Amino acid sequence: MPRWKISIAVAAVVVLLLFILVPSVALVLFSGLLMAAFLNGGGGLVERATKIPRGWSIGLFTLLLLLAIAGVFTLAATSIAAQFNELASQIPGAIENLRSRLEEYEWANRALDRANPAGLISGEGGRAATSAVTSTFGALGNFVIIAFIGIYVAVTPAIYRKGAVELFAPSLRPRTDEILKKCARTLKSWLAAQLISMTVVGVLTGIGLLLIGMPLAFILGIIAGLLAFIPNIGPVLAVAPALLLAFGEGPSMLLWVAAVYLSVQTLESYVITPLVQQERVDLSPALVIAAQLLFGVLFGLLGLALAMPLVAVGRMLIKELYVHDYLEREPPREMALQLPEGQRHE
């Protein structure tokens, strides 16, 4: 068996075993690479603006980012904490209020009797939802690991790319290096567009809720912006607490809140995302939803959040390695001469 085939088989088996045996480790590593793409993109902007070397640009971007986060929390920490605590205290009452209203209807009573809320946080479903984000170090430890992986890979990407390339046979190394660079560009393009969309969704949602007089508009806008990272499912999760609170404010407020979220989501899906994605990762909605369901069941919450970038990279690899390098590759000359005339270019 040729060495190049063995090297491909070994790489595929290692990646597959990593996701099967230790999926939380695989997802944390991928999150680190996503963080590296973010820092690398931000460092590139600083480099073009200041003309300083890439490593220092990434360090300066990281410092500016930390200062910005610290500044926001310093100026708005009290308001954010107060609104978050108020939201947490009001949600149980809103749920109970909704339940009491629904109990007036027979069909709702039957649905509530059949529902088993405990099943959402216990059993196999609950274990699957938490296995990807709980490890020996816990969620905070995972975040620290992701941050360090992102910083190291962003500052010296060539070293890690060279190490990965050397695992393949010499004849495959130039193409492998090209594929790894395309993976980085795919992640960077998707992440840049996603961050812009998240910011716009959060700001527009907060302003819209503020204009209609909805309580806790600021914290609900933050939640909407953060959950916009998860396409399709994130907006549904974001609107739930707002609708629960609006339910207690009356039918008119409920309709206004629904209109705000629907308007912002429509604007994000059909205007914002297509405009900000200059190198758009073209993924069909059905494919994204199917991937989210699959990764959510297999790997829990972190798998659900990372489904879209994983699918974007996977789609690029299939297009480059299977479609371009295998299906569309010209057959050897001696094989082409043996084919019938009509099949030589198929």
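The values are calculated or read from the model by the stated rules, or taken from the named source; none is laboratory data. On a predicted model such as this, the values are computed, not experimentally measured, just so you know. Glycine also receives a Cβ, built like all others from the backbone with ideal geometry; neighbour counts cover every protein chain displayed. What goes into the accessible areas is simple: the full protein's heavy atoms, side chains included, and nothing from ligands, DNA or RNA. Shrake-Rupley method; radii C 1.70, N 1.55, O 1.52, S 1.80 Å.
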Legend entry - Odd one out for residue 300 among (1) within 15 Å of the chain's Cα centre (by Cα); (2) exposed (fewer than 13 other Cβ atoms within 10 Å of the Cβ): (2)
Legend entry - Identity of the residue in region 303-329, part of a helix (DSSP H, G or I) and among the acidic types (Asp, Glu), that ends up surrounded by the most Cβ atoms within 10 Å (Cβ to Cβ): 320
Inset, instruction - Just need a number here: residues in region 252-274 that are over 16 Å from residue 232 (Cβ atoms) and in contact with a helix residue (DSSP H, G or I) (Cβ under 6 Å, 6 or more places away or on another chain). - result: 4
Inset, instruction - Inspect all residues belonging to region 184-200 and state whether any of them is over 14 Å from the mean Cα position of the chain (by Cα), open to solvent by 40 Å² or more (accessible area, probe 1.4 Å) and farther than 24 Å from residue 153 by Cβ. - result: yes
Legend entry - Restricting region 36-63 to residues that are open to solvent by 50 Å² or more (accessible area, probe 1.4 Å) and under 23 Å from the mean Cα position of the chain (by Cα), the residue that is farthest from residue 155 (Cα to Cα): 45
Legend entry - Among the residues listed as 240, 246, the single one being open to solvent by 20 Å² or more (accessible area, probe 1.4 Å), at pLDDT below 85 and not polar (S, T, N, Q): 240
Legend entry - Unmet criterion (only one of (1) surrounded by fewer than 19 Cβ atoms within 10 Å (Cβ to Cβ); (2) modelled with pLDDT of 75 or more; (3) under 15 Å from the mean Cα position of the chain (by Cα)) for residue 295: (1)
Legend entry - The listed residue being farther than 30 Å from residue 57 by Cβ, surrounded by fewer than 16 Cβ atoms within 10 Å (Cβ to Cβ), out of contact with any Asp or Glu (no Cβ under 6 Å at 6 or more places or on another chain) and free of Cβ contacts under 8 Å to residues at least 24 places away in the same chain, out of 223, 207: 207
Inset, instruction - Return a yes/no flag: does region 161-176 have any residue that is in a helix (DSSP H, G or I), out of contact with any Gly (no Cβ under 7 Å at 6 or more places or on another chain) and of a type in the set (Asp, Glu). - result: no
